[in-house]
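**Student:** Questions regarding the structure given below will be posed in turn.
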Amino acid sequence: MNGVTYRDPEKPVRLAHDRIEVDGQPLAPQGKIYLMVNKPRGVVTTASDEKGCETVYACLDAALPWVAPVGRLDKASEGLLLLTNDSEWAARVLSPETHLDKTYHVQIAGLADDALITALRQGTTSDGDFLRAKQVSILRRGEKNTWLEIVLDEGKNRQIRRMLAALGIEVLRLVRVAIGPLLLGTLGKGTSRRLTAAEKNKLDAALRGKSARGTGKH
């Protein structure tokens with residue numbers, strides 16, 4: 001790229017500016033692709049897995065050009081995952097400066113009470129990290145478990161599971177249902193589709209708004 005050899009397939013590039021060659025042949029830029037996937041439980045967010053687990057790429061059309069996940073959902077988690085070949089856009093979505101809200105529906109063992117809700121909002125410490133939820137509400141209670149809606153505006157590794165584990169609460173299911181204004185909706189489990197222009201524009205507007213507030217610009 002630009003006269004320098006790189007061997008990292010995930011190195012960010014600027015398609016409109018960088019000169020890219022493969023085996024001495026110029027690589028024509030591909031159109032930008034923005035996908036949403038409803039990741040099933042048990043699927044890993046990688047291109048391959050040394051233990052032979054199914055990867056999220058099994059949810060995609062085999063004819064698609066290469067795309068990379070925007071962030072991750074751990075193997076036991078489900079729901080909305082973005083993939084794209086636009087590395088600059090992915091970096092904006094993941095940037096801590098944007099504080100883009102991510103919404104999860106979480107089934108826990110036991111019946112939630114006000115004390116638990118308050119503890120999650122106030123935050124707890126796990127492995128030296130201070131972890132807190134931006135918003136928490138009870139969706140519904142069963143006889144032995146509760147579904148919570150938890151909104152995060154930061155993306156620390158396995159944050160919800162670690163917060164609840166620190167409070168002695170077992171997570172039974174964890175489903176991401178929204179990233180900013182983008183909703184998982186009725187997308188079938190294990191399937192994918194391209195973002196509509198309206199969805200992409202709304203997400204971009206949310207990113208711009210969050211970035212402006214984060215830098216104090218209005």
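Bear in mind that the values in this text are calculations on the coordinates, not laboratory data. The structure presented is a predicted model; accordingly, all values stated were derived computationally and were not measured. Here the Cβ is made from the backbone with ideal geometry for all residues, glycine too, and neighbour counts use every protein chain on show.
**Student:** Would you kindly state how much longer the chain becomes between A197 and E97 on full extension, computed as 0.36 nm times their sequence separation minus their alpha carbon distance, in nm to one decimal?
**Tutor:** On the way: separation 100, 0.36 × 100 = 36.00 nm, distance 2.44 nm.
Taking A197 through E97 to full extension adds about 33.6 nm, to one decimal.
**Student:** Once both labels are modelled 7 Å past Cα along the beta-carbon direction, what's the R41-L64 spacing in nm?
**Tutor:** Calculated label separation equals 2.4 nm.
**Student:** How much length, in nm to one decimal, is gained on full extension between V151 and Q122, taken as 0.36 nm per residue of separation minus their Cα-Cα distance?
**Tutor:** On the way: separation 29, 0.36 × 29 = 10.44 nm, distance 1.32 nm.
Separation in residues times 0.36 nm, less the Cα-Cα distance, equals 9.1 nm.
**Student:** If you take the charge dipole of segment 112-218 about its Cα centre, with +1 on Lys and Arg Cβ and -1 on Asp and Glu Cβ, which of A166, G128, V177 is farthest toward its positive end?
**Tutor:** Farthest towards the positive end: V177.
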